[in-house]
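Asker: Pasting a structure here, questions to come.
The values are calculated or read from the model by the stated rules, or taken from the named source; none is laboratory data. None of the values given here were measured: they were computed from a predicted structure. Ideal geometry is used to build each Cβ from the backbone, glycine not excepted, and the neighbour counts take in all protein chains shown.
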Amino acid sequence: MEDSKEPIHSYPNYRWPEKGTQRNCPKCGDLLQLNEQRPQYYGKPWWCGPCKWQFSEEDIS
């Protein structure tokens with residue numbers, strides 16, 4: 001069996017909102033930051049700085 005040097009990444013395929021979309025944090029009510037969608041980012045689309053928490057569209061809905 002051949003050892004691969006490439007890491008295996010497994011992450012959910014989050015639904016990304018359109019650029020310019022705004023949402024409020026379901027925990028504190030502050031405006032969330034929409035993270036940039038890029039291949040090397042494995043987190044959720046939304047970030048709340050005060051709560052230090054990530055949210056997906058499904059978490060907010």
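Asker: Which ones in the stretch 30-41 are out of contact with any strand residue (DSSP E or B) (no Cβ under 7 Å at 6 or more places or on another chain) and either hydrophobic (A, V, I, L, M, F, W, C) or surrounded by 11 or more Cβ atoms within 10 Å (Cβ to Cβ) (or both)?
Answerer: So in the stretch 30-41, the residues out of contact with any strand residue (DSSP E or B) (no Cβ under 7 Å at 6 or more places or on another chain) come out as 36-41.
Passing the criteria: GLN37, TYR41.
Asker: Among residues belonging to the stretch 15-30 that are within 14 Å of the chain's Cα centre (by Cα) and of a type in the set (D, E, K, R), point out the one that is modelled with the highest pLDDT.
Answerer: It comes out as ARG23.
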